[in-house]
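As structure tokens, the structure follows; a few thoughts come after it.
The values are calculated or read from the model by the stated rules, or taken from the named source; none is laboratory data. Everything numeric in this text was worked out from a predicted model, so none of it was measured. When we count neighbours, we look across all protein chains shown, and the Cβ atoms used for this are built from the backbone with ideal geometry, even at glycine. For accessibility, only protein heavy atoms count, side chains too; no ligands or nucleic acids. Shrake-Rupley method; radii C 1.70, N 1.55, O 1.52, S 1.80 Å.
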Amino acid sequence: MENGGRKRWGFQGNEELDKAASITIRGVLNKVMSNLNPQDHRPVIPLGHGDPSAFSCFRTTPVAEDAIVDALRSRKFNSYAPAVGILPARRAIAEHLSHDLPYKLSPDDIFLTIGCSQAIELIIKVLARPGANILLPRPGYPFYESHAAANHLEFRHFDLLPEKGWEVDLEGVKALADENTVAMVIINPGNPCGNIFTHEHLKKVAETARMLGILVISDEVYAHLAFGGNPYVSMGAFGSITPVITLGSISKRWIVPGWRLGWLVTNDPNGILHKSGVVESIVSSLNISSDPATFIQGAVPQIIEKTTDDFYLKIISILRETAGTCFDGIEDIPCLTCPHKARRIHVCDDIEDDIDFCMKLSKEESVIVFPGFAVGMKNWLRITFAIEPPSLEDGLGRIKAFYQRHAKKQ
Ligand SMILES: *Cc1c(COP(=O)(O)O)cnc(C)c1O
């Protein structure tokens, strides 16, 4: 007998989980990066990742670093935190987010999470009762699909319309919803498209959700990172039309994704989320999960209160510049077009599709871009321009050279 008398081991991996996580940003990026040519000694240009924290021009404000040091040194944050997060942090976030709203949030509306990612995981878990379904945007952020699948929550996709500046196809939403639909998700400002919904459009989203009797989950992890035409408006502003849950974190605006501090917020002046038991389930779920590190929570009030406008403005201005560079660079590469600043590939001669484009570009030019299929858009690319300007220009130059080489092979 093998294994000390047992015929076979009584455990094995969970294939369902593997299937749920089969398309992730990390997984797809790893695949594209595995095709890099070690013989190419040029620096790798990472236009596929959404993490600019490594670049000196995107360094966080010293205010945030000091806040962490002060919190740590105070020795007040060495213990476990309450499941919903410590009160001073929830109070600071409530005040901070209330600036964008026609009413005031209370600290009790704020639930601290391990980044915006855990907030997504949390709300999906809470809503995943048997038979329910949720409406997700296409293109979108694959984390939602993965967690819905892992929790047996059926998901259905509505489209964002490129010709309408990536607005939600509200007719599509109405056609998809049925009596088992619990919520729809929007991402505003958008990932991967970088668009920002107008006040009027968000109001229509709220009215549609109300008509369908569903909750709106608004992923606002890029809140205030607005550098185009439309100003950022929080979906929470429409919480009296339909209950809204907003998700956010310090990862993107403060450029510290490794600090893992986020939040889930109930924007619900009519108290519907309390009556329906959603708030109770959020607390139940937090009671059996882990929390963001207490000293990071302890730093939150100082991070929020002391960060000055010049930090935000500097970041916005670099993003505006690199968005422009990226847009102009793409105009100059005939196989790519860019409606409203999301990138689509035209059939590029000997290139089969978006993944083929990304794999070959990785191998030949050491430039990483993200294939659209993984965010729901076959034959599109997601190109990150949150990198330092000289590298961006280098990367765009290499994509152009790549195009010229492949176009010639016709
Ligand atoms: C980055 C990102 C997240 C995850 O944020 P973290 O705070 O790093 O967990 C969630 N949603 C979208 C749309 C994102 O781009």
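Between the helical axis of 389-408 and the longest alpha-carbon principal axis of the chain there is an angle of about 50 degrees. For segment 226-365, the per residue solvent-accessible surface stands at 41 Å², with DNA, RNA and ligands left out and a 1.4 Å probe.
With a 1.4 Å probe and all protein chains in place, put Y232, Y141 in order of accessible area, largest first.
Putting Y232, Y141 in descending order of accessible area: Y141, Y232.
Accessible-area rank, largest first, for H406, H96: H96, H406, with all protein chains present and a 1.4 angstrom probe. For segment 63-306, DSSP calls about 40 percent of its internal beta bridges antiparallel. Shape of segment 168-303 from the C-alpha gyration tensor: oblate (a/c of 1.5 or more and a/b not above b/c, with a ≥ b ≥ c the square roots of its eigenvalues).
Share of carbon and sulfur in the accessible area of the chain stands at 52%, probe radius 1.4 Å. For segment 237-247, the Karplus equation 6.51 cos²θ - 1.76 cosθ + 1.60, evaluated at θ = phi - 60°, returns couplings of 4, 10, x, 8, 7, 9, x, 10, 10, 9, 10 Hz by residue, with Gly and Pro reported as x. These residues, D66, D40, D178, go from largest to smallest accessible area, 1.4 Å probe, as D66, D178, D40. Relative contact order for segment 63-306: 28 percent, from Cα pairs under 8 Å spaced at least 6 residues apart, divided by residue count.
As a rough guide to protection, the peptides 84-91, 322-329 ranked by mean Cβ packing within 10 Å, highest first, stand as 84-91, 322-329. By the compact-protein rule of thumb, 2.2 N^0.38 Å, the alpha-carbon radius of gyration of the chain corresponds to a ratio of 1.03. Largest GNM mean-square fluctuation across Q297, Q118, Q39, computed for the chain with C-alpha springs under 10 Å, falls on Q39. Specify the inter-centroid distance of segment 151-204 and segment 42-59, based on alpha-carbon positions, in whole Å. Measuring centre to centre over Cα atoms gives 30 Å. Put simply, the amide H of L105, placed in the peptide plane, has neighbours under 5 Å in S98, leaving out anything fewer than 5 places away on its chain. Quick one: grab the alpha carbon gyration tensor of segment 211-264, order the square roots of its eigenvalues as a ≥ b ≥ c, and give me rounded if a/c is under 1.5, else prolate or oblate depending on whether a/b is larger than b/c. Oblate is the answer for segment 211-264, as a/c is 1.5 or above yet b/c matches or exceeds a/b. When Rg and the Kirkwood radius Rh are both evaluated on Cα atoms of segment 63-306, their ratio Rg/Rh stands at 0.96. Among F158, F370, F11, the largest mean-square fluctuation in a Gaussian network model of the chain, built with springs joining Cα atoms closer than 10 Å, belongs to F11.
Counting lysine pairs in segment 63-306 that sit 8 or more residues apart in sequence, or on different chains, and whose Cα atoms lie under 28 Å apart gives 25. Taking θ as phi - 60° and the Karplus parameters 6.51, -1.76 and 1.60, the scalar couplings of segment 181-189 work out to 6, 9, 6, 10, 10, 10, 10, 9, x Hz in sequence order, x denoting glycine and proline. Once the gyration tensor of the Cα atoms in segment 241-307 is diagonalised, the equivalent ellipsoid follows with semi-axes of 26, 16, 10 Å, ordered largest first. Of all the options D310, D100, D356, the one that moves most in a Gaussian network model of the chain with Cα springs shorter than 10 angstrom is D310.
Highest average first, the peptides 16-26, 262-272, 237-247 ordered by how many other beta carbon atoms sit within 10 Å of their residues are 237-247, 262-272, 16-26. In this structure, the amide hydrogen of S249, modeled 1.01 Å from its nitrogen in the peptide plane, lies closer than 5 angstrom to those of W263, counting only residues at least 5 positions away or on a different chain.
Give the shape of segment 4-46 as rounded, prolate or oblate, defined through the alpha-carbon gyration tensor: a ≥ b ≥ c are the square roots of its eigenvalues, a/c under 1.5 means rounded, and otherwise the shape is prolate if a/b is larger than b/c and oblate if not. It is oblate, given that a/c is not under 1.5 and a/b is not larger than b/c.
In the chain, the DSSP beta bridges split such that about 45 percent are antiparallel, to the nearest 5. Taking all Cα-Cα distances within segment 1-142, those exceeding 23 Å account for 66%.
Amide hydrogen proximity for W380: with H placed 1.01 Å from N in the peptide plane, the residues at 5 or more positions away or on another chain lying under 5 Å are I345, G372, F373.
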